[in-house]
Amino acid sequence: MTAAADLVVTNAEIHTLGDPDETHEAMAVRDGRVVRLGSTYDVEFLAGVDTDTVNADGRVVLPGFIDAHTHLLMTGRSLVHADLSAADDADEAVDLLCDRAAELGDDEWVLGFGYDETTWTDGRRLTRDDLDAVSETAPVVAFREDLHVASVNGVVLDRFGDDLPPADVETEAGDPTGVLVESAVDPIYEAIEPDADEARELLTAAQRHANERGVTAVHDMVRKSKAPEVYRGLDLDGDLSVRVRLNYWADHLDSLVDAGLRTNHGSDMVRVGGIKSYTDGSLGGHTAKLSEPYADAPDETGQWVVSPDEVADLVARADDAGFQVTLHAIGDAAVDAALDAYAATDTPGEMRHRVEHAELSSDDAIDRFADLGVVASMQPNFHKWGFDGGLYDARLGDRRTDANRLPAYLDAGAPLAFGSDCMPLDPLLGVHYAVNAPSDGQSLGVTEALRAYTAGAAYAGFDEDRLGTLEPGKRADFVALDDSPWDRPDRIDDVDVALTAVDGDVVYDGR
Ligand SMILES: [Zn+2]
């Protein structure tokens, strides 16, 4: 006699998102794994007296979303501190910071995260004058969403001014404007690093938010933070509701090696991922490294944040030590440098080395992704900058249609994984942009877009044997949607998540 299921999902439109995508009406789960898919009749006999039943009321059920590029501490900060992504112009951002300041003591840090002036009506960055209006006694910082730019008030400039590298402190007529870029952002960022208790509060808020958006696993980027110990603590306490793959910053490599760790070590819920480094900066900051000058800055081609020689050295060391590597590379010159470094290793495809963002890859580069087996870890939500008058238009001019050519990677046979970069954390918004891209050469079909956020991201995390599709033997990580993305491809951003489950346990129920 067959053991009873722990959970039965009935009356659903379950998409396996395998290749080919198959649909089933019902699914049974036991010990956290899918044990059967079929008609309600096929599955119902597995129900016993202790079996939970979810009647999906005809909803679409998909494998849980795997966000291959997150900064959950940052998402937690936007949930707890001022969320500047909600502002439509600089004045609104200042209002949000004032609201936050009113909740705090006199000299506590007033923090805001996620502003993007390119989407604002006035299109200008926050300055010291804006932030002095929030407080002239407490330190005030507003981080741009890419974290390569921070705006600060006079208190912060007084406190940190002498320690900031002058080249990255913006000035006007000799006086700092309050806008800091690149290496000038680091000391501020370190000063506001949360302790373990605050990190637990932030990450708990962020995982709840992720579950509400159908996310069951993340590849999180961590640097000198309490995040790894907090995730492991949550896991031991049974309080972790999202699987976490930890991509550690390059400055952790030696201590990881000393601790005997390597890629894929860990538990069912928390695993060691890759080693992360920058190559270049961002298009927003004119610091992404381009082969041709910026359209709006004809003398500039961007800058290396980490030089190609240093990147090559890091990749060689990490690869030797058994680590996957994830390199941030946005401009075409940076993507080439990342691929060069990977090509110099013995088995880049076996290690599944990754390029994060890869926004402006050349045709040759896209072929090399496929040839080398390097994962393109891309953010379809970045298409938001690709429309007329957007950031790509300003920075790249005609080259904007060369950005984020998602179908070209699939056509070439390159591994493609989707993530949000927490701008914002919302896979269905990403799928919406992938399907409704600025141009045909940038858009995917619904199934392809969903696969990159499930099976594609699972592959990028060596997880294709347990995650990414719904089939017997795999983990029962799934999401139920209120509407079918296939039925309303032009409004996928309006599709609501009804329910999210990890290991067959319901972690979010919004029905
Ligand atoms: Zn990122």
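Only the coordinates and a few stated rules stand behind these numbers; no lab work does. The model shown is predicted, which means the values in this text are computed figures rather than measured ones. Don't worry about glycine lacking a Cβ; one is built from the backbone with ideal geometry, like all the others, and counts go over all protein chains shown.
Values for this structure:
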read-out: CD proxy at 222 nm, helix term only [per DSSP H run n ≥ 4: -39500 (n - 2.57); per residue of the chain; nearest 500]; value: -8000 deg cm²/dmol
read-out: Mean-position separation - Cα centroids, region 254-301 and region 194-216, in angstrom; value: 23
read-out: Separation of the A86 and V506 label points, Cα + 7 Å toward Cβ, nm; value: 2.8
read-out: Under-23-angstrom lysine pairs by C-alpha in the chain, whenever the two are 8 or more apart or on separate chains; value: 4
read-out: Counting DSSP beta bridges with both ends in the chain, the antiparallel % (nearest 5); value: 45
read-out: Within region 411-428, backbone nitrogen closer than 13 Å to the virtual label 7 Å beyond the Cα of D367 toward Cβ; value: 412-413
read-out: Ratio of Rg to Rh over the chain (Cα coordinates, Kirkwood Rh, two decimals); value: 0.97
read-out: Potential lengthening between E103 and R491 on full extension [0.36 nm per residue; Cα-Cα distance subtracted]; value: 136.0 nm
read-out: Angle between the chain longest axis and helix 196-212 axis [Cα atoms, degrees, rounded to 10]; value: 50
read-out: Whether region 23-91 is rounded, prolate or oblate, judged on the alpha carbon gyration tensor where a/c under 1.5 counts as rounded; value: prolate
read-out: Shape category assigned to region 254-345 from the gyration tensor of Cα positions, a/c cut at 1.5; value: prolate
read-out: Rounded tilt (10° steps) of 363-372 against the dominant C-alpha axis of the chain; value: 50
read-out: Radius 12 Å from Cβ of R511, net charge of other residues (Lys, Arg +1; Asp, Glu -1); value: -3
read-out: P(r), alpha carbons of region 403-511 - 10 Å bins starting at zero, rounded %; value: 14, 43, 36, 7, 0
read-out: Potential extension, T137-A173 segment - 0.36 nm per residue separation minus Cα distance; value: 10.5 nm
read-out: Gain in span if fully extended, S183 to T121, counting 0.36 nm per residue against the direct Cα distance; value: 19.5 nm
read-out: Region 203-327 shape via C-alpha gyration tensor axes, a/c threshold 1.5; value: oblate
read-out: Value of relative contact order over the chain, rounded to a whole percent, pairs C-alpha under 8 Å and six or more apart; value: 16
read-out: Exposure proxy ranking, count of Cβ atoms within 10 Å, fewest first, for S255, S291, S282; value: S255, S291, S282
read-out: Distance between modelled label sites at D313 and T40, nm, 7 Å Cα→Cβ extension; value: 6.5
read-out: Exposure proxy order (Cβ contacts within 10 Å, fewest to most) of K224, K474, K384, K276; value: K224, K384, K474, K276
read-out: Beta bridge orientation in region 166-284: antiparallel %, DSSP, nearest 5; value: 25
read-out: Exposure proxy ranking, count of Cβ atoms within 10 Å, fewest first, for M351, M269; value: M269, M351
read-out: Angle between the chain longest axis and helix 90-102 axis [Cα atoms, degrees, rounded to 10]; value: 80
